[in-house]
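What follows is a single structure, and I will ask about it in a moment.
Derivation of every value follows stated rules applied to the coordinates shown; laboratory data play no part. Please read all numbers here as calculations on a predicted model, not as lab measurements. Backbone-built Cβ (ideal geometry, glycine too); neighbour counts: all protein chains shown.
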Ligand SMILES: CC(C)(COP(=O)(O)OP(=O)(O)OC[C@H]1O[C@@H](n2cnc3c(N)ncnc32)[C@H](O)[C@@H]1OP(=O)(O)O)[C@@H](O)C(=O)NCCC(=O)NCCS
C-alpha cells in the first residue's frame, strides 16, 4: 500500500515512553467502556453506540475464553502503565500458521505512534510465541490512519472487495482492503 501523505517509516513515541502489551483481563472492562464509547472510534470500528459497561464486560469475557481456547489473544495497550487501547489476534490457526488482527487506540492518544508500535509488538508475539507466519486483516478503504499503521508495519494489499458478508454487517456495501503480512520476511 502506498500513501502519498508521508514517507517516514517510524513515528516517534514521546521520549522515554514505552508501550507494553498486557493480556486482557476483567479489570480492563471499565477502561474499554470509557474509551471505546466514542463516535470517532465507532466510525471505523464495529461497535454500536452507546457502548455500555456490560458490552465491555461481555467482550472481555469472550476474549478471555478465546485465549483459553488458543483461538484469540487480546491485549491491553499500556503507555507508561496507562491503558490506551486494545490490540488482538483472532481466528488464530496454529496448524496453518495464520491469524487475523484488530486494534484501536483511545482518541486522546491518536497520532503518537501508539498503534504502530503496538502492532509491531503483536507481530513479534504472533511470530515468536505462536509460530504464526501470515497475518491478515480487512480495513475500510476510507480508514486512512489504519491503512498507514499497516503500511508502516510492512502489510501489503492482497485484494479489494465490496463488503457483503465477509466483514461486519455495520459496514455492508463499503469498500474493504484485504491486507496481509508474511512474518517470515520480518526482521523481528
Ligand atoms: C487506526 C488507529 C488505531 C490508529 O491509531 P494511532 O495510534 O493514532 O496510529 P499511529 O499514530 O501509530 O499512526 C497513524 C498514522 O496515520 C496517519 N493518519 C492519521 N489520520 C490520517 C488521515 N486522515 N489520512 C492519512 N493519514 C492519516 C498519521 O499521520 C500516522 O502516520 P505517520 O506516522 O506516517 O504520521 C486509530 O485511529 C483508531 O483507533 N481508530 C478507530 C478504530 C479503528 O479504525 N481501528 C482499526 C480497524 S482496521
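For the chain, what's the radius of gyration and Dmax over Cα atoms, in angstrom?
Computed over the Cα atoms of the chain, radius of gyration and Dmax are 15.8, 44 Å.
Sticking with this one: Determine, at each q value in 0.19 (inverse angstroms), the log₁₀ of I(q)/I(0) that the Debye formula gives when each Cα of the stretch 18-129 is one equal point scatterer.
-1.00
Could you give the length gained by full extension between residue 170 and residue 134, i.e. 0.36 nm per residue of separation minus their alpha carbon distance, to one decimal place?
10.3 nm
Residues of the stretch 32-70 with the amide nitrogen closer than 16 Å to a label point 7 Å from the Cα of residue 91, along Cα-to-Cβ, please.
Correct set: 46.
Starting from 0 in steps of 5 Å, tell me what percent of the Cα-Cα pairs of the stretch 92-188 lands in each bin.
2, 13, 23, 22, 19, 14, 5, 0
Right, something else. Rounded to the nearest 5, what % of DSSP beta bridges with both residues in the chain are antiparallel?
Expressed as a percentage, antiparallel bridges in the chain total about 90.
Residue 178 to residue 158: extension gain in nm, 0.36 nm per residue of separation minus the Cα-Cα distance? Show your work: numbers first, answer last.
Values: separation 20, 0.36 × 20 = 7.20 nm, distance 0.55 nm.
The residue 178-residue 158 span can extend by a further 6.7 nm.
Between residue 111 and residue 61, what length in nm is gained on full extension when 0.36 nm per residue of separation is reduced by their alpha carbon distance?
15.1 nm
Note down the Stokes-Einstein diffusion coefficient of the stretch 131-188 in µm²/s, whole number, using a Kirkwood radius over alpha carbon pairs, 25 °C, and 0.890 mPa s. Spell out each step's value before the answer.
Numbers: Rh = 12.0 Å.
Translational D for this selection: 204 µm²/s.
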